Amino acid sequence: MSKILRLVLLFLLFNNCSFDNKSGLWTNYEEIKPEEIKLIKLTKDKNTIKEEFNPNLQITLKEKTLSNQNWLFSDINLSNLIPHMSFNGKVKKFSKFKFKKIKKRNIQEPDLIISNDFIIFYDNNGSVFKFNKNSKLLWKTKIYNKKERNKIFNISLAVSNKILFMADNLGKYYAVNIDTGKIIWEKQINTTFNSQLKIINNKILLIDTNNSLWCFSAKDGSKIWNFKTQTVLIKTFKKLSLIIHKDSLIFVNSIGDVFKIDLETGSLIWQIPTQNTLVRSEIDFLKISDLVLYNNSIFLSNNNNNFYSLDANSGIINWMQNVNSALRPIIIDDLIFTISNKGYLVVIDAKRGDIIRITDLSINFKKKGRKEVDAIQGFVIASNKLYVTTISGKLMVYSIFDSQLDQIYKVSKSKLSEPFISNSNLYIFRNNAVVVLN
């Protein structure tokens with residue numbers, strides 16, 4: 001893309017978004033009675049959310065809950081669209097898969113593979129495990145030697161055609177027999193991976209820390225094509241996201257540019273910047289949520305106070321909102337649910353971009369509430385409940401109906417992963433165990 005065209009796109013992006021009622025930003029929700037409406041005040045520091053909006057609006061999800069049987073990709077599927085899942089809502093400790101605790105070394109964004117019959121995960125000591133649903137170890141495979149495992153902080157997993165595929169921050173990627181745990185093939189490139197791992201049509205798709213997209217053969221690991229984008233000096237620890245749309249792949253790089261690539265040839269279909277790359281301070285420490293594909297639109301947000309809806313066919317911006325979050329949004333009943341970096345649950349109309357409700361998740365705590373919700377790691381929605389994990393080791397359960405805190409559960413003294421739900425169980429990855437709750 002030429003510099004002139006890029007500047008034109010940036011001009012359109014940052015000059016066509018206003019905060020009036022015509023644009024649909026920060027509007028009221030017609031189901032609220034006039035006397036109950038609370039208008040939100042925009043603050044000077046980039047309109048960061050600092051107060052509630054329509055907190056009395058009650059929401060009941062109509063979409064039927066899904067009894068999810070398999071979680072075989074990063075963010076469950078090729079579109080990163082987490083459904084309204086089924087879970088009984090009362091959390092009690094059920095069991096845990098323990099492994100050796102390694103101090104001062106943690107996986108940044110751990111992946112779990114969960115099916116109706118087994119669970120696959122890895123430890124900090126360089127091994128991959130497969131257990132059956134009765135917690136019996138089926139196999140254990142040593143992947144990394146002592147020198148390698150001390151450098152591992154990011155591993156991505158995916159399962160396709162009964163083969164486990166792995167990629168890591170050493171630039172290694174593997175295929176493992178899911179029945180035996182034996183390595184089928186292993187490869188390495190001269191860079192490091194830091195993204196979700198997706199498999200489609202016998203193609204492995206990954207992004208490296210230099211913002212290059214790679215396509216490998218799932219049969220033997222050979223390179224099929226490589227698409228390069230702008231590199232940066234400061235590398236992000238947040239995994240970059242990719243989704244599949246028809247015969248193409250859509251991904252975001254670490255400076256916020258979104259690309260659509262032809263799956264067969266690796267050629268560019270369109271590109272759209274979401275950040276002003278002329279201002280380096282805005283993108284050096286940018287954290288971007290996972291992309292989510294829903295009804296032919298792409299949704300993403302970041303810690304630079306931007307939430308976007310893009311047309312998946314053209315890349316044109318449908319709407320833009322001021323929501324500061326690097327967490328993956330969840331979309332149910334044409335409603336977007338996300339949590340800001342200050343612990344506000346934000347509900348947005350997916351079609352128009354109107355903010356419908358903002359509720360402060362810390363208001364339910366008597367003491368240190370803001371500290372708790374400032375450390376949110378991830379969330380899922382199941383059976384009209386919001387399940388939130390934190391860096392401080394807590395699992396918090398809220399009602400979607402009115403955002404009231406239903407339950408708080410101390411899982412660990414250390415950071416938790418985002419929650420995973422499958423087969424009516426809730427799985428959480430902590431420092432030295434996978435905890436299973438029901």
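The values are calculated or read from the model by the stated rules, or taken from the named source; none is laboratory data. No experiment lies behind these values; they were computed from the predicted model shown. Ideal geometry is used to build each Cβ from the backbone, glycine not excepted, and the neighbour counts take in all protein chains shown.
Take the residues in the stretch 46-73 that are in a loop (DSSP other than H, G, I, E, B) and aliphatic (A, V, I, L, M); name whichever of them is farthest from TYR398 (Cα to Cα).
LEU72
Which numbered condition trips up LYS342, out of (1) at pLDDT below 95; (2) under 19 Å from LEU81 (Cα atoms)?
Going through (1) at pLDDT below 95; (2) under 19 Å from LEU81 (Cα atoms) one by one, LYS342 breaks only (2).
Going through the stretch 35-90 one residue at a time, which ones are on the phi < 0 side of the Ramachandran plot, modelled with pLDDT of 80 or more and of a type in the set (A, V, I, L, M)?
ILE49, LEU57, ILE59, LEU61, LEU66, LEU72, LEU78, LEU81, ILE82, MET85
Of the residues that make up the stretch 115-127, is at least one out of contact with any Ser or Thr (no Cβ under 6 Å at 6 or more places or on another chain), touching a residue at least 40 places away in the same chain (Cβ under 8 Å) and among the β-branched types (Val, Ile, Thr)?
Yes, the stretch 115-127 has at least one match.
State whether one or more residues within the stretch 147-162 are under 21 Å from the mean Cα position of the chain (by Cα) and farther than 24 Å from LYS223 by Cβ.
yes
I need the strands (runs of 3 or more DSSP E) fully contained in the stretch 371-438, keeping only those with at least 2 residues that are in contact with a Gly (Cβ under 6 Å, 6 or more places away or on another chain).
In the stretch 371-438, the matching strands (runs of 3 or more DSSP E) lie at 385-390.
Of the conditions (1) surrounded by fewer than 21 Cβ atoms within 10 Å (Cβ to Cβ); (2) within 17 Å of the chain's Cα centre (by Cα), ASN295 clears all except one; give me its number.
(2)
What is the one condition in (1) assigned to a strand (DSSP E or B); (2) of a type outside the set (A, V, I, L, M); (3) within 24 Å of the chain's Cα centre (by Cα) that GLU186 does not satisfy?
Result: GLU186 fails condition (3) only.
Is it true that some residue in the stretch 274-291 is surrounded by 21 or more Cβ atoms within 10 Å (Cβ to Cβ) and of a type in the set (Gly, Ala, Ser)?
yes
Output the number of residues of the stretch 128-155 satisfying the condition of being part of a helix (DSSP H, G or I) and touching a residue at least 60 places away in the same chain (Cβ under 8 Å). Talk me through it step by step, then tell me what you get.
Keep residues of the stretch 128-155 that are part of a helix (DSSP H, G or I), which gives 146-149.
When the remaining residues are screened for being touching a residue at least 60 places away in the same chain (Cβ under 8 Å), the result is none.
Counting residues in the stretch 128-155 that are part of a helix (DSSP H, G or I) and touching a residue at least 60 places away in the same chain (Cβ under 8 Å) gives 0.
Given (1) in a strand (DSSP E or B); (2) touching a Ser or Thr at 6+ places or on another chain (Cβ under 9 Å), identify the lone condition not met by LEU170.
(1)
Can you pull out the strands (runs of 3 or more DSSP E) entirely within the stretch 239-306 that have at least 2 residues that are of a type in the set (S, T, N, Q) and either within 16 Å of ILE200 (Cα to Cα) or at pLDDT 95 or above (or both)?
Ranges flagged: 297-301.
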